[in-house]
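Reviewing the structure listed below.
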Amino acid sequence: MHSLSSLTALGLVVLALLNSTSAAPATPAACVISKASDVSNCLSSTNIVIQGPFTVPAETKLDLSGLKDGTSVTVKDTITWAKSSTFTKADFLFTLGGSKITFDGTGATFHGNGQLYWDTKGTNGVDNKPKFFKVLTTGSSLIKGITIKNSPVHVFSIGGSDTTLDHITVDNTDGDQLSGGKPLGHNTDGFDVSATGITIQYSTVQNQDDCLAINDGSNIQFLHNTCSGGHGISIGSIASGKTVDGVTVTSCSVSNSENGVRIKTISGATGGYVKNVNYTDVTLSNISKYGIVIEQDYLNGGPTGTPTGGIPISAVTLSGIRGTVSSSATYSTYILCAACSGFSFSDINITPKHSNCTGVSSTLAGC
Ligand SMILES: *[C@@H]1O[C@H](CO)[C@@H](O)[C@H](O)[C@H]1NC(C)=O
Ligand SMILES: *[C@@H]1O[C@H](CO)[C@@H](O)[C@H](O)[C@H]1NC(C)=O
Ligand SMILES: *[C@@H]1O[C@H](CO)[C@@H](O)[C@H](O)[C@H]1NC(C)=O
C-alpha cells in the first residue's frame, strides 16, 4: 500500500535524479595552491588554482607533471621564485604535464629572478642557472595567457605533443642591460621545441637568444608572434640523429635581433634531416647579422665556413620575407649549403640587399 504522500515523495526523488543527470557535470571545487607546499595536496584535483602573490622558496620547484586528464590550472597574480644556489640548467622552476590540460595564466606573471643569476654567459658560464618552464602536456592541451619575467636561462622547453601555446609573453628585457659591453642575459631562448604537434601563437618574446628554436620534431606551427632582441626564428642547431619535418611560420615579426629567419645544422652531424619548412609573411627590422641564414657549418664556438651534408635540408619555402637589416649587417641573405634541395623563395625584399649564397641556385630570390 502506498500513501499519496509517499508516491509524491518518490516522484520528487525521480525528478531530482533526472535533473542531476541532465545538468552539465559540476566543476569540482578548486584546489588552491597559495604556497609551494600546497602542490602535493592538489595533484589529484582536476581544478587547480595557483593563487599568488607568493614566493617559491629557494631550492624549490613547482612540479605539476602527471596531472589528471582534463585538469584545469588557473594562475592568479604573481608567483616569484627565490634565487636557488644548487639548481643547474637541468632543473626547471615549473613543470606542467598531463593530457587534455588547460593552463590559463589569466595575464598573471611567473617571475624567475633572472637578474640575480645573469652574468652575460648564460649556460656557458657557471652552471647555476635553472631553466624556467618545462612543457610535457599531450592530447589537445592549451597553455595560455602567462607572462614569464626574467628567466635565468631558457624559458619554455617544449616536449610532450599536441599542445597549443597562446598569448604567451616572455619579458627578459631587463637582461638587455650591459655588463662589460655584453647583455647580462644570455641563452634566454623563448621557445625550445623538441616535440610533435605544437602550435605557438599570438605571443611576444623579448630576450637575448632564439625566439623559437626547433631542435627535433614534426608538425610545428608558429603563427602571429612578435620577436625582439634575440637571435631570430630558428630551426636548429640540428645535431646528429635529429629530424625536423613540417614547420609553418606565418605572420610574424622579428626586430632588433641578430637574425630574422634561420636554419642551421651542426658541422659534421649526420643521420638526420630538415624538411618541409615554410616561412610566410615575416617582417624584419634592425637585424644586425643575417636577414635570412641557412647554414650547414654551425658550431657553438663559431661556424667553420665549410658546410657538411650529413643533415640534408629540403623543401624549404620562403615567401613574403620583407624588411630591413642594419647597414652593418653581414648579409641580407646568407646561404651556405652542402646538401640543400627543393628551395622555393619568392617575394623576398630585405634591404639593404647584400647576399652570399653557396650551394643553391644563384637565381634563388634574395640571393
Ligand atoms: C608549404 O607550402 C607549400 C606550397 O605552398 C605547401 O604545398 C606545403 O604543404 C606547405 N608545407 C607546410 C609544412 O606548411
Ligand atoms: C637595433 O638592435 C640592437 C640590438 O641588436 C639594439 O641594441 C639597438 O638599440 C636597435 N636600434 C634601434 C634603432 O632600435
Ligand atoms: C661567401 O661566404 C663564404 C662562406 O662563409 C666565404 O668563404 C666567401 O668568402 C663569401 N663570399 C664573399 C664574396 O664574401
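Worth pointing out:
- Hits in segment 31-46 (condition: over 19 Å from Asp77 (Cα atoms) and touching a residue at least 24 places away in the same chain (Cβ under 8 Å)): Leu43, Ser44, Ser45, Thr46
- Residue identified as within 16 Å of ligand 3 (Cβ to nearest atom), surrounded by 15 or more Cβ atoms within 10 Å (Cβ to Cβ) and of a type in the set (S, T, N, Q) among Thr317, Thr333, Thr324: Thr333
- Residue check for Asn278: surrounded by 16 or more Cβ atoms within 10 Å (Cβ to Cβ), without any contact (Cβ under 8 Å) to a residue 40 or more places away in the chain and either away from ligand 3 (no atom under 16 Å from the Cβ) or assigned to a strand (DSSP E or B) (or both): no
- Segment 207-264: number of residues that are more than 16 Å from ligand 2 (Cβ to nearest atom), in a strand (DSSP E or B) and within 17 Å of Asn187 (Cβ to Cβ): 7
- Segment 311-328 residues that are more than 20 Å from Ser240 (Cα to Cα), paired with ones that are acidic (Asp, Glu) and within 16 Å of ligand 1 (Cβ to nearest atom) (beta carbon under 6 Å, 6 or more apart): Ser319/Asp347; Gly320/Asp281; Gly320/Asp347
- Residue selection: Thr265 satisfies the criterion of being crowded, with 18+ Cβ neighbours inside 10 Å, at pLDDT 95 or above and of a type in the set (Ser, Thr, Tyr).
Conditions tested, residue by residue: (1) over 20 Å from Asn215 (Cα atoms); (2) more than 16 Å from ligand 2 (Cβ to nearest atom).
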position: Asn276; (1), (2): no, yes
position: Asp281; (1), (2): yes, yes
position: Ser285; (1), (2): yes, no
position: Gly310; (1), (2): no, yes
position: Ile321; (1), (2): yes, yes
position: Asn349; (1), (2): yes, yes
position: Gly366; (1), (2): yes, yes
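- The set of residues in segment 88-112 being surrounded by fewer than 19 Cβ atoms within 10 Å (Cβ to Cβ), closer than 27 Å to Asn300 by Cα and not aliphatic (A, V, I, L, M) consists of Thr88, Lys89, Asp91.
- Any chance Ser344 is more than 19 Å from Ser237 (Cα to Cα) and small (Gly, Ala, Ser): yes
- Subset of segment 350-364 (residues that are farther than 19 Å from Ala329 by Cα and surrounded by 13 or more Cβ atoms within 10 Å (Cβ to Cβ)): Gly359, Val360, Leu364
- Flag if Ala339 is farther than 16 Å from Ser288 by Cβ and among the small types (Gly, Ala, Ser): yes
- Single condition Ser362 does not satisfy, out of (1) part of a strand (DSSP E or B); (2) more than 16 Å from ligand 1 (Cβ to nearest atom); (3) more than 20 Å from Ser253 (Cα to Cα): (1)
- The condition (being modelled with pLDDT under 95 and outside any strand (DSSP E or B)) is satisfied by just one residue among Ala9, Ala90, Ala58: Ala9.
- Taken together, the residues in segment 73-87 that are outside any loop (DSSP other than H, G, I, E, B), touching a residue at least 40 places away in the same chain (Cβ under 8 Å) and more than 19 Å from Lys149 (Cα to Cα) amount to 0.
- Every test in (1) surrounded by fewer than 19 Cβ atoms within 10 Å (Cβ to Cβ); (2) of a type outside the set (Ser, Thr, Tyr); (3) farther than 17 Å from Cys211 by Cβ is passed by Glu295 save one, and that test is (1).
- Contact map, segment 291-306: residues that are among the hydrophobic types (A, V, I, L, M, F, W, C) and in a loop (DSSP other than H, G, I, E, B) paired with residues that are more than 16 Å from ligand 1 (Cβ to nearest atom) and at pLDDT 95 or above, Cβ distance under 9 Å, separation 6+ or inter-chain. Pairs shown: Leu299/Ser237; Leu299/Ile266; Leu299/Ser267; Leu299/Gly268.
The values are calculated or read from the model by the stated rules, or taken from the named source; none is laboratory data. As the structure is a computational prediction, the values presented were derived from the model and not from experiment. Don't worry about glycine lacking a Cβ; one is built from the backbone with ideal geometry, like all the others, and counts go over all protein chains shown.
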